């Protein structure tokens with residue numbers, strides 16, 4: 001049987017606490033140095049490559065890439081959209097029906113929201129207002 005005196009690390013609680021906090025700090029620093037805070041940049045090439053891997057039968061007719069490199073969206077002629085977005089140092093994709101995306105435009109910004117808890121609500125910065133309005137039309141459908 002182990003007695004209470006044997007379970008102590010050093011016998012000094014403050015010193016034990018300092019050792020534990022130092023170890024946690026070392027792990028955090030190591031994580032940052034190894035790229036733990038790095039974010040993926042979504043470019044046309046990276047979005048297309050990820051789309052081909054995740055959804056090989058999705059045929060994109062047109063892509064909109066966020067000017068800030070956080071997200072991209074593609075539409076197909078079959079009434080579908082493919083959303084690509086940065087998640088940490090990787091790119092995730094979701095294939096959705098156009099009518100399942102709530103879209104709004106405010107100037108050059110296009111805001112997309114999907115009724116799916118795994119897809120964040122995000123904004124794409126288009127190159128100009130006309131481009132944002134054109135893409136809003138993809139999600140709004142014919143008037």
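The values are calculated or read from the model by the stated rules, or taken from the named source; none is laboratory data. Please read these numbers as outputs of a predicted model, since none were measured by experiment. Here the Cβ is made from the backbone with ideal geometry for all residues, glycine too, and neighbour counts use every protein chain on show.
Computed values, structure above
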{"item": "Count of residues meeting criterion [closer than 18 Å to residue 86 by Cβ and loosely packed, with under 11 Cβ neighbours inside 10 Å] in region 39-62", "result": "2"}
{"item": "Hey, residue 124 part of a strand (DSSP E or B), in contact with a helix residue (DSSP H, G or I) (Cβ under 9 Å, 6 or more places away or on another chain), at pLDDT below 90 and buried (at least 16 other Cβ atoms within 10 Å of the Cβ) or not", "result": "yes"}
{"item": "Unmet criterion (only one of (1) buried (at least 17 other Cβ atoms within 10 Å of the Cβ); (2) touching a helix residue (DSSP H, G or I) at 6+ places or on another chain (Cβ under 6 Å); (3) over 20 Å from residue 45 (Cα atoms)) for residue 132", "result": "(2)"}
{"item": "Test result for residue 137, surrounded by fewer than 19 Cβ atoms within 10 Å (Cβ to Cβ) and assigned to a helix (DSSP H, G or I)", "result": "yes"}
{"item": "Residue 87 without any contact (Cβ under 8 Å) to a residue 40 or more places away in the chain and farther than 15 Å from residue 125 by Cβ", "result": "no"}
